[in-house]
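One structure below.
The values are calculated or read from the model by the stated rules, or taken from the named source; none is laboratory data. Values in this document were obtained by computation on a predicted structure and should not be read as measured data. Cβ: placed from backbone, ideal geometry, glycine included. Neighbour counts: every protein chain shown. For accessibility, only protein heavy atoms count, side chains too; no ligands or nucleic acids. Shrake-Rupley method; radii C 1.70, N 1.55, O 1.52, S 1.80 Å.
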Amino acid sequence: MSVKTALRVIEIIETYAREKRALPLSELARLLDVPVSSCLALIRTLTGLGYLYETGRRQGYYPTGRLLAMAQRIARADPVLDRVYPSLVELREATRETIVFAKLTQDGRVVYLDVLDSPHTIRYAPVAGEFKDVHANSLGKALLSLLEGPAREALLAGMPMTRYNERTLITREALFADLDRSRQRGWFMNSGESIPDVGAIAWPVTLSGEHYAISVGGPIYRIEPEQENYARILRAACTALEQQA
């Protein structure tokens, strides 16, 4: 029950992030697909703690600034992101493309830990906390390259290699061949393999014994002509971060 309640709280936060408006109790309950009585109990608790407020009688509820303030305090104290953030900013300034910092989860997916958006109007726009499949993601490929053969085989053994389009690598043989080519040329690439017309290059970085990866992503027409240049900048940033350890 406690786990289910925690999940409901997260779903409430995500619902407000998606809807971007005050929500009456009945509508929030409908969007969450929960009984109104259960939703009311959660709303009363969050309101009592100062995370939600009633915008007007029968007008609905909306998050207060307390949620943002707490999130900012947590983010500022992140021991890993605090260390890599200046390098991520420098990469975005050098490439003017979206920069993503990620690692593998225990179940073998890529999780985006931080995202710095490109200043371009047309850009790749993921969000921190997203999960991606390793086989169709430049960061996933970079992270796979750090695993020993048996560990890599074990990770992929029970994982479906979803075909997103005709460019997606859907066999381990094709993926391993791509990893070998990527190591030799000096960058790991996703060229429209998961999202059409979106490309990214990535490189791994090891910090305090933990494996991470950083990518530069954007429209393929901007990324592909700059692959070698961006790869050089990215490798230099990763090497500098590892030398700070």
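Quick notes on this structure:
- Kirkwood Rh, angstrom, the range 117-188 [1 / mean 1/r, Cα pairs]: 13.6 Å
- Relative contact order %, the chain, counting alpha carbon pairs below 8 Å whose residues are six or more apart: 14 percent
- Å² per residue, accessible surface of the chain at 1.4 Å: 55 Å²
- Cβ-placed point charges (K, R +1; D, E -1), dipole of the chain about Cα centre in debye, nearest 20: 740 debye
- Options T162, L52, P126, ranked by Cα towards positive dipole end of the range 50-201, top entry (Cβ charges): L52
- Heavy atoms of S38 accessible to a 1.4 Å probe, total area in Å² rounded to 10: 60 Å²
- Taking a ≥ b ≥ c as the square roots of the eigenvalues of the Cα gyration tensor, an a/c ratio below 1.5 marks the range 1-59 as rounded.
- Accessible surface of L104, taken over heavy atoms with a 1.4 Å probe and every protein chain present, rounds to 40 Å².
- Proximal lysines to K141, defined as alpha-carbon separation beneath 27 angstrom and excluding residues fewer than eight positions away on the same chain: K103, K132
- In the elastic network of the chain, a GNM with C-alpha springs shorter than 10 Å, the most mobile of L25, L139, L207 is L25.
- Among (1) 27, 19, 19; (2) 33, 25, 16; (3) 38, 21, 18, the entry derived from the coordinates for semi-axes √(5λ) of the Cα gyration tensor in Å: (3)
- Residues K141, K4 ordered from highest to lowest accessible area at a 1.4 Å probe: K4, K141.
- Loop sites in the range 31-112: GluC sites (Glu not before Pro), DSSP, at most 14 other Cβ within 10 Å: none
- Sorted from greatest to least, the principal axis extents spanned by the alpha carbons of the range 31-113 come out as 50, 30, 24 Å.
- The range 155-245 shape via C-alpha gyration tensor axes, a/c threshold 1.5: oblate
- Rounded to the nearest 10 Å², the accessible area of D178 at probe 1.4 Å: 20 Å²
- This model, with +1 at the C-beta of Lys and Arg and -1 at the C-beta of Asp and Glu, gives the range 176-238 a dipole about its Cα centre of some 220 debye.
- The chain - percent of accessible surface contributed by carbon and sulfur, probe 1.4 Å: 53 percent
- Helix content alone sets the calculated 222 nm mean residue ellipticity of the chain: runs of n ≥ 4 DSSP H residues at -39500 (n - 2.57) each, divided across all residues, give -14500 deg cm²/dmol.
- Among the trypsin sites (Lys or Arg not before Pro) in the range 25-83, those placed in a DSSP loop whose Cβ has at most 12 other Cβ atoms within 10 Å are R57, R58.
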